[in-house]
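The values are calculated or read from the model by the stated rules, or taken from the named source; none is laboratory data. These numbers were taken from a predicted model, which means no experiment stands behind them. A quick note on method: Cβ atoms are made from the backbone with ideal geometry, for glycine too, and the neighbour counts reach across all protein chains shown.
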Amino acid sequence: MHLDCYSVGTYSPGAPYWKQLLWYLLGSPLLQSRVLVFSTFKVWLLRTFGAQIGKNVRIKPGVRVKFPWRLIVRDHVWIGEDTWIDNLAPVTIESHVCLSQGVYLCTGNHDWSHPNFKLIAAPIYIQESSWIAAKAVIGPGVTVGRGAVLTLGGVTGCSLEPMTIYMGNPAQPIKPRKLASKNT
């Protein structure tokens, strides 16, 4: 490969340069802060920079978001400590999703067969009631089906079927997910 010829091609970060700079210098450090622990402030900050955030969203310390203007988070979502939403492309997280500690959502990759290491970006979509366990990794273009679970340290570059528990690297289905009733 010839990295001296690399370019982002037609890719755009999706915001003017001043907004990107303001995010990197002010917004991102405040979001990642371990001193400012209040979710309400972090939700307000993300909304200020263009994220669409629902109600009752919990954001723990150390969370990183590359481009808030490419982030949609619905209601009652938990985002655990040190989660990194590396969203060169849009990331959508539906309601009642839990992203545990250290989750990495990666929407960008490179074409290793291209001589100039071409950038490839694709969205991530996490459907309702899914759980992405600690230290799990989700790659570009993945849809996590409703109620799916990606267990501790699981890695996937492929979409996950609904109501299925996945484990390993690469993640493999291990069993269906069965939910107990609310009264038990």
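Looking across segment 51-63, the residues that are touching a strand residue (DSSP E or B) at 6+ places or on another chain (Cβ under 8 Å) and surrounded by 15 or more Cβ atoms within 10 Å (Cβ to Cβ) come down to ALA51, ILE53, GLY54, VAL57, ILE59, LYS60, VAL63. Could you look through segment 1-27, keep only residues that are in a loop (DSSP other than H, G, I, E, B) and farther than 16 Å from ALA89 by Cβ, and pick out the one that is nearest to the chain's Cα centre (by Cα)? Per the stated criteria, the residue is PRO16.
None of PHE41, PHE67 is aromatic (Phe, Trp, Tyr) and surrounded by 15 or more Cβ atoms within 10 Å (Cβ to Cβ) except PHE67. Restricting attention to segment 86-136, which residues are acidic (Asp, Glu) and either closer than 14 Å to ALA148 by Cβ or surrounded by fewer than 16 Cβ atoms within 10 Å (Cβ to Cβ) (or both)? Correct list: GLU94, ASP111, GLU128. Does segment 58-78 contain at least one residue that is modelled with pLDDT of 95 or more, on the phi > 0 side of the Ramachandran plot and part of a loop (DSSP other than H, G, I, E, B)? Checking segment 58-78: at least one residue is modelled with pLDDT of 95 or more, on the phi > 0 side of the Ramachandran plot and part of a loop (DSSP other than H, G, I, E, B).
Taking first residues from segment 21-33 that are surrounded by 11 or more Cβ atoms within 10 Å (Cβ to Cβ) and partners that are among the charged types (D, E, K, R) and assigned to a helix (DSSP H, G or I), the Cβ contacts under 9 Å between residues at least 6 apart in sequence or on separate chains come to LEU30/LYS42; LEU31/LYS42; SER33/LYS42. Looking at segment 155-163, can you tell me whether even one residue there is surrounded by 18 or more Cβ atoms within 10 Å (Cβ to Cβ) and farther than 28 Å from GLN20 by Cα? Yes, segment 155-163 has at least one match. Of all residues in segment 28-57, those being touching a helix residue (DSSP H, G or I) at 6+ places or on another chain (Cβ under 7 Å) and part of a helix (DSSP H, G or I) number 5. Is it true that some residue in segment 165-179 is out of contact with any Phe, Trp or Tyr (no Cβ under 6 Å at 6 or more places or on another chain), on the phi < 0 side of the Ramachandran plot and at pLDDT below 95? Scanning segment 165-179, I find at least one residue that is out of contact with any Phe, Trp or Tyr (no Cβ under 6 Å at 6 or more places or on another chain), on the phi < 0 side of the Ramachandran plot and at pLDDT below 95, so the answer is yes.
Could you pull out the residue among VAL43, VAL35 that is at pLDDT below 95 and over 18 Å from LEU88 (Cα atoms)? Before the answer, list the steps.
On the way: VAL43 fails: at pLDDT below 95.
Being at pLDDT below 95 and over 18 Å from LEU88 (Cα atoms) holds for just one of VAL43, VAL35, which is VAL35.
When you look at THR48, is it more than 30 Å from PRO176 (Cα to Cα) and either without any contact (Cβ under 8 Å) to a residue 24 or more places away in the chain or surrounded by 17 or more Cβ atoms within 10 Å (Cβ to Cβ) (or both), yes or no? Yes.
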